[in-house]
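Peer 1: Below are the structure tokens for one structure; questions will follow.
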Amino acid sequence: MIKRIRFATRRPDAAEAFPAAWPHAVAAALDAPAGTRPSRVAVCTTLTDLTGPDPRHDGIGLEWFTDSGHLRRFQEWLDGAGRPLGRHLDGILVPDASPVLVAAESVQRGTDWLDRRWRDGGAALKHMAIAVRADGLTPAEFSTRWRDHAGRVRRPGAANATVIPESARGRAYVQNHPCPRATGEWAYDALNEVYFDDEEGLRARIDWFRENLSGRADGDLFGRSWLIAAREEVMPAGT
């Protein structure tokens, strides 16, 4: 599957408007015609009480497409008949801090759990990490090394990686690898998603990372990274 990922950073004066406008704007993708609209749409809203008072983004929108042709049809619609939908967020987002990323989804763990999640719909809790690659790595080199890195972390200078304990691993783990682009680079080189059944599990992961990775980890793989705890809601058709 291919994902179109929308990162949202609200304006400082839009604290009251953003919570209502953001889900509505993400769900608008389902207004596209059949065969063009995303196969699935989900909206993530950052939980500031768990993430911290100054999160990298206030929301993340996810749109799934079966292949590049499907995504191309949607993008053509979005640039044409669907253009007015972008006005939902006029005056609410900081455009330069709200990039879009197109990535290939790679489910590393928890396929059955995710299948049930998408079938049942509704809300779920998740922990996400956004990152840019370390200097000296090409996008392809980074992507290969990141796949091998799943489930482990390593502090700069450490000889061996530390395995993330079961209590902090969640029910499913997904990596999103940016698709090659003809010109320029994406804002980020990585987005991972770790799903949880409840807040207790989510807090266990957050606490483990805070206790074990107080400094920048994996300096030979990641340049900078940001952690976000969020509530994800699957958007049903007709929202």
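The values are calculated or read from the model by the stated rules, or taken from the named source; none is laboratory data. For clarity, every value in this text was computed on a predicted model and none was experimentally measured. Cβ placement follows ideal geometry from the backbone for every residue including glycine, while neighbour counts extend to all protein chains displayed. Surface areas here come from the heavy atoms of the whole protein model, side chains and all, with no ligands, DNA or RNA. Shrake-Rupley method; radii C 1.70, N 1.55, O 1.52, S 1.80 Å.
Peer 1: Across the range 102-148, which residue is nearest to the chain's Cα centre (by Cα) among those that are in a strand (DSSP E or B), over 21 Å from residue 182 (Cα atoms) and β-branched (Val, Ile, Thr)?
Peer 2: 130
Peer 1: Follow-up question, since we're still on this one. If I go through the range 108-128 residue by residue, how many of them are open to solvent by less than 60 Å² (accessible area, probe 1.4 Å) and modelled with pLDDT of 95 or more?
Peer 2: Result for the range 108-128: 11.
Peer 1: If you don't mind, there's one more thing I want to ask. Considering the range 54-90 alone, what residues qualify as being open to solvent by 80 Å² or more (accessible area, probe 1.4 Å), closer than 13 Å to residue 228 by Cβ and free of Cβ contacts under 8 Å to residues at least 60 places away in the same chain?
Peer 2: If the condition is that a residue be open to solvent by 80 Å² or more (accessible area, probe 1.4 Å), closer than 13 Å to residue 228 by Cβ and free of Cβ contacts under 8 Å to residues at least 60 places away in the same chain, then 54 is the only one that fits.
Peer 1: Can you tell me which of (1) under 30 Å from residue 207 (Cα atoms); (2) surrounded by fewer than 17 Cβ atoms within 10 Å (Cβ to Cβ) is the one residue 34 doesn't meet?
Peer 2: If we test residue 34 against (1) under 30 Å from residue 207 (Cα atoms); (2) surrounded by fewer than 17 Cβ atoms within 10 Å (Cβ to Cβ), just (1) comes out false.
Peer 1: Looking at residue 40 and the list (1) surrounded by fewer than 20 Cβ atoms within 10 Å (Cβ to Cβ); (2) within 17 Å of residue 206 (Cα to Cα), which single condition is not satisfied?
Peer 2: (2)
Peer 1: Considering only residues that are at pLDDT 85 or above and open to solvent by 50 Å² or more (accessible area, probe 1.4 Å), look in the range 212-231 and name the one that is farthest from the chain's Cα centre (by Cα).
Peer 2: As a first pass, look at the range 212-231 and keep what is at pLDDT 85 or above: 221-231.
Keeping just the survivors that are open to solvent by 50 Å² or more (accessible area, probe 1.4 Å) gives 224-225, 227, 231.
On the way: 224: 16, 225: 13, 227: 10, 231: 12 Å.
Residue satisfying both the conditions and the ranking: 224.
Peer 1: Among (1) at pLDDT 90 or above; (2) more than 14 Å from residue 110 (Cα to Cα); (3) open to solvent by less than 40 Å² (accessible area, probe 1.4 Å), which single condition is residue 185 missing?
Peer 2: Going through (1) at pLDDT 90 or above; (2) more than 14 Å from residue 110 (Cα to Cα); (3) open to solvent by less than 40 Å² (accessible area, probe 1.4 Å) one by one, residue 185 breaks only (3).
Peer 1: In the range 166-188, what count of residues is obtained for those that are over 27 Å from residue 125 (Cβ atoms) and in contact (Cβ under 8 Å) with a residue 40 or more places away in the chain?
Peer 2: Of the residues in the range 166-188, the ones over 27 Å from residue 125 (Cβ atoms) are 179-185.
Pick out the ones that are also in contact (Cβ under 8 Å) with a residue 40 or more places away in the chain and you get 179-181, 185.
The total comes to 4.
Peer 1: OK, next. For the subset of the range 159-176 comprising residues that are in a strand (DSSP E or B) and open to solvent by 10 Å² or more (accessible area, probe 1.4 Å), which member is modelled with the highest pLDDT?
Peer 2: Just the residues of the range 159-176 that are in a strand (DSSP E or B), to begin with: 162-163, 172-176.
Okay, now just the ones that are also open to solvent by 10 Å² or more (accessible area, probe 1.4 Å), so 162-163, 173.
Working: 162: 77, 163: 82, 173: 96.
Out of the qualifying residues, it is 173.
Peer 1: Next up: Sort out which residues of the range 1-20 are assigned to a helix (DSSP H, G or I) and either in contact with a helix residue (DSSP H, G or I) (Cβ under 6 Å, 6 or more places away or on another chain) or open to solvent by less than 20 Å² (accessible area, probe 1.4 Å) (or both), and write them in order of number.
Peer 2: Narrowing the range 1-20 to residues assigned to a helix (DSSP H, G or I): 12-14, 18-20.
Once the filter is applied, which keeps residues that are assigned to a helix (DSSP H, G or I) and either in contact with a helix residue (DSSP H, G or I) (Cβ under 6 Å, 6 or more places away or on another chain) or open to solvent by less than 20 Å² (accessible area, probe 1.4 Å) (or both), the range 1-20 yields 14, 18.
Peer 1: Let me ask something additional. Might you check whether a residue that is more than 18 Å from residue 108 (Cα to Cα), of a type outside the set (Asp, Glu), modelled with pLDDT under 90 and surrounded by fewer than 19 Cβ atoms within 10 Å (Cβ to Cβ) occurs anywhere in the range 146-155?
Peer 2: Kept after step one, since they are more than 18 Å from residue 108 (Cα to Cα), are these residues of the range 146-155: 154-155.
Now narrow it down to the ones that are of a type outside the set (Asp, Glu): 154-155.
Still in the running and modelled with pLDDT under 90: 154-155.
If we keep only those that are surrounded by fewer than 19 Cβ atoms within 10 Å (Cβ to Cβ) too, we end up with 154-155.
Scanning the range 146-155 turns up at least one residue that is more than 18 Å from residue 108 (Cα to Cα), of a type outside the set (Asp, Glu), modelled with pLDDT under 90 and surrounded by fewer than 19 Cβ atoms within 10 Å (Cβ to Cβ).
Peer 1: Taking the criterion of being of a type outside the set (Ser, Thr, Tyr), in a strand (DSSP E or B), under 19 Å from the mean Cα position of the chain (by Cα) and more than 25 Å from residue 114 (Cβ to Cβ), would at least one residue in the range 43-62 satisfy it? Please lay out each step first, then the result.
Peer 2: Of the range 43-62, the ones of a type outside the set (Ser, Thr, Tyr) are 43-44, 47, 49-50, 52-62.
Filter once more, keeping what is in a strand (DSSP E or B): 43-44, 59-62.
Then keep just the ones that are under 19 Å from the mean Cα position of the chain (by Cα); that gives 43-44, 59-62.
Checking the rest, the ones that are also more than 25 Å from residue 114 (Cβ to Cβ) come to none.
Looking for residues that are of a type outside the set (Ser, Thr, Tyr), in a strand (DSSP E or B), under 19 Å from the mean Cα position of the chain (by Cα) and more than 25 Å from residue 114 (Cβ to Cβ), one finds none in the range 43-62, hence no.
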